[in-house]
1. Cut-off 10 angstrom, C-alpha nodes, Gaussian network model of the chain. Which of Glu83, Glu11, Glu62 fluctuates the most?
2. Which ³J(HN,Hα) values, rounded to whole Hz and listed in residue order, are derived for segment 54-66 from phi using the Karplus coefficients 6.51, -1.76 and 1.60 in 6.51 cos²θ - 1.76 cosθ + 1.60 with θ = phi - 60°, glycine and proline given as x?
3. What's the longest bit of the chain with no exposed trypsin sites (Lys or Arg not before Pro), using DSSP loop states and at most 10 other Cβ atoms within 10 Å as the test?
4. Report which label in (i) -0.43, -0.77, -0.95, -1.13; (ii) -0.37, -0.74, -0.97, -1.19; (iii) -0.31, -0.69, -0.99, -1.34 holds the value of log10 I(q)/I(0) by the Debye sum over Cα atoms at q = 0.11, 0.16, 0.19, 0.22 Å⁻¹ derived from the coordinates of this structure.
5. Output the relative contact order of the chain, whole-number percent, from Cα pairs under 8 angstrom with separation of 6+ residues.
6. In the neighborhood of Leu69, defined by Cβ-to-Cβ distances under 15 Å, what is the net charge if each Lys or Arg adds +1 and each Asp or Glu adds -1?
7. Taking amide H positions as placed 1.01 Å from N in the peptide plane, with prolines and chain starts having none, which residues 5 or more places from Leu58, or on another chain, fall under 5 Å of its amide H?
8. For helix 88-99, what angle does its Cα long axis make with the longest principal axis of the chain, in degrees from 0 to 90 and rounded to 10?
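Values in this text are rule-based calculations from the coordinates and carry no lab data. For clarity, every value in this text was computed on a predicted model and none was experimentally measured. Neighbour counts run over all protein chains shown; Cβ positions are idealised from the backbone, glycine included.
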Amino acid sequence: MNTINHYSISEAIKELNKVGNINLVKKLERILKYNEIKKPELHNKKDDKTTSHYKVNLTYDELETIKDLFLDLEVASLTIDGEAGAYTEKYVTLLDNWSIISDDSDL
């Protein structure tokens, strides 16, 4: 199942808003609203959305747009010497999280 955590979707929404990709933002907002995976009964943070995961149903092009965005942000976060900057690890993690998602045609 193609799933991803709340943080990764929220960060994608934030960054896509910055570049004006409103259509993809709306699709991600719908995923947050309708695709939450039910937590186990004994989960200690059942009502905490930050611990939630969501089923992702995006096209290849939509996933590529998100991955390209985080790749660009990762590269931009490097220092002039090519060393990791303050946000590099964040963007690497987000890129990794989105890279494991398959597009709808693979389902």
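1. Glu83
2. Karplus-based 3J(HN,Hα) across segment 54-66 equals 9, 6, 9, 10, 10, 7, 4, 5, 5, 5, 5, 4, 5 Hz.
3. 46-107
4. Here the calculated entry is (ii).
5. Once divided by the residue count of the chain, the mean separation gives 33 percent.
6. -4
7. Asp104
8. 50 degrees
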